[in-house]
Amino acid sequence: MDEDMTNDNLTKWRSLLSQLDLCLGSFGDPIYPHRVSTLNEAELEDFASQEGLIFWSKGSLSTLTEDQIQKFESEAGLILPQGYREFCQVFGSGKFGADGFFIDVPDIDDIEGHLGGNECLLDSCKNSSLWSSEVKELLDNSYLFGGGCGLVACIFDLRTYREQDRSYDIYGVNCNNDFTCALGRDFFEFVRDICIGERAKAEFPELLLGGQLDIDENNLFNRRTTFLLDGNPSSITADPDIEEGDYEEEEEEEEDYWLT
């Protein structure tokens, strides 16, 4: 892709980021006091230190460089869609406030583990006996990039790549109620209109938990303008008061959240 076009696309994502309030990692943490168009690791680290957020340290930012994305593609043997590549460079992993949609970027420090976890989660979704053969085939040929509250998966259909738009068909799958829907191909529109906007509430309420339909958006952490940054898992700072086994327990509980 032309370098000028790439820079224009990244500018579009940075403009979207600048419209959001940032929170570092959980609903109990303070909102970052500035809206920014580019995530500055040193500034976020200073803020986390001032607020006593022990889990956020140097290297926590999960955004990826173009070289890191290419490394993942090479080792994983797949092409990531252009819009998602740009998201990974500007946003990094995180959760959007109001409807609870989250997007994960590839873990380049553990590519095999990332792909294995991806496959396990999709396998758990495929267990439903109510899926048609078409949906099962879709899940067999998909890449999981995010999801929502409950057992909701957001996936790329890897059979549908087109060079013209360098993208795939995007689907939402709710394995709790056996609901599947097409969400378009434009990843920027997916983030802007579904993750941040109200399109899911209006057109695909089956992707939302019942509580998400009547959520209190006066709560700062539930607003459509809130983005909760997830740190790079390989950079978590150890707390001397927590035993190693407790970390393992916490990781298991976090993974189960997707499955509840």
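Here are the numbers for this structure:
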item: Whichever lysines have a C-alpha closer than 19 Å to that of Lys136, once near sequence neighbours (fewer than 8 apart) are set aside; result: Lys126
item: Amide H partners (placed H, <5 Å) of Thr160, local residues excluded; result: Asp169
item: Under 5 Å, built H, 5+ apart or other chain: amide partners of Phe101; result: Phe96
item: Lys, Arg +1 and Asp, Glu -1 on Cβ, resulting dipole of region 55-156 about Cα centre, debye, nearest 20; result: 320 debye
item: Check: region 1-114 dipole with +1 on Lys, Arg Cβ and -1 on Asp, Glu Cβ, in debye; result: 380 debye
item: Relative contact order of region 20-159, defined on C-alpha pairs under 8 angstrom at six or more residues apart (%); result: 16 percent
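Read-outs: derived from the displayed coordinates by stated rules, not from any lab. Since this is a predicted model, take the numbers as computed values, not measurements. A quick note on method: Cβ atoms are made from the backbone with ideal geometry, for glycine too, and the neighbour counts reach across all protein chains shown.
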